[in-house]
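Quick notes on the structure that follows.
The values are calculated or read from the model by the stated rules, or taken from the named source; none is laboratory data. Just so you know, these numbers come straight off a predicted model, no measurement behind them. No Cβ is skipped: glycine too gets one built from the backbone with ideal geometry, and neighbour counts run over all protein chains shown. Side chains are part of the model used for accessible areas, which takes the heavy atoms of the whole protein and leaves out ligands, DNA and RNA. Shrake-Rupley method; radii C 1.70, N 1.55, O 1.52, S 1.80 Å.
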Amino acid sequence: MRNETAWRLVDVALPALGLGLLLIGAAAEPRVLPLAWTALGLAFIGWVAEADGLALPRPGRVPIRPYGCWQTPLAFSACHAGRELLFSREEDEHGAWASEYTVRERPRGRGAEASLVLPVTPAGEWALRGHAPVAALRFEHHERVSYVTRASLERALGVRS
C-alpha cells in the first residue's frame with residue numbers, strides 16, 4: 001500500500017511543482033516562471049492525452065485494455081515481460097463470476113501493443129499460462145486509461161494453479 005501512495009505522489013508531482021514555481025515566480029523570482037509554465041503545460045498535455053485514451057508511462061504500473069466496464073474488469077489484456085497476456089474471468093457453476101482470472105499468453109509480435117484485442121483466432125495461438133486471483137490485482141483508472149500495478153501483476157502471475 002505504501003508503494004501505491006508513493007506512485008500517486010509521483011503523479012501529482014509535476015502539477016504541484018508547476019504551481020509551486022508559479023507562486024515563487026510571481027512573488028519573488030520571475031526567472032522561474034518559464035519553468036513553472038512548462039511544468040504546468042506538460043501536466044496539462046498528459047491529462048489531455050489520458051482523457052483521449054492514450055496510456056502514458058506511469059512508474060510502477062502497466063497499461064491494460066479492459067473488457068467490461070467495472071472497477072475490476074471481466075477481462076483485460078496487457079503486455080508484460082515480452083508477452084501479450086489475456087486475463088479473463090469465467091462464470092462458475094452458480095452463475096457468478098469466478099474469483100480467478102484465466103491467464104493466456106502468446107509471444108509478442110510486431111506491433112503487438114496496438115493489436116491487443118480479444119482473441120478471435122483459433123485458441124492454439126493463445127497458450128494457457130495458468131490462473132491469477134482477482135483479489136491480488138490492483139487496478140487504477142485515469143480518465144479513459146486503465147492500469148494494473150506492476151507489483152500486483154507480478155505477484156498474481158507468481159501464483160499459479
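Structure data summary
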{"item": "Enumeration of residues in region 122-140 that are exposed (fewer than 12 other Cβ atoms within 10 Å of the Cβ) and modelled with pLDDT of 85 or more", "result": "A135"}
{"item": "Where a residue in region 126-143 is free of Cβ contacts under 8 Å to residues at least 24 places away in the same chain and its partner, wherever it lies, is open to solvent by less than 40 Å² (accessible area, probe 1.4 Å), with Cβ under 8 Å and at least six apart", "result": "A127/E105; A127/R106; A136/S152; A136/A156"}
{"item": "Matching option when the condition is closer than 17 Å to L137 by Cβ and modelled with pLDDT of 90 or more, among V48, V32, V103", "result": "V103"}
{"item": "Those residues of region 44-85 which are out of contact with any Lys or Arg (no Cβ under 8 Å at 6 or more places or on another chain), of a type in the set (G, A, S) and farther than 30 Å from G18 by Cα, in sequence order", "result": "G68, A81"}
{"item": "Verdict on H94 being more than 18 Å from A151 (Cα to Cα) and at pLDDT 80 or above", "result": "yes"}
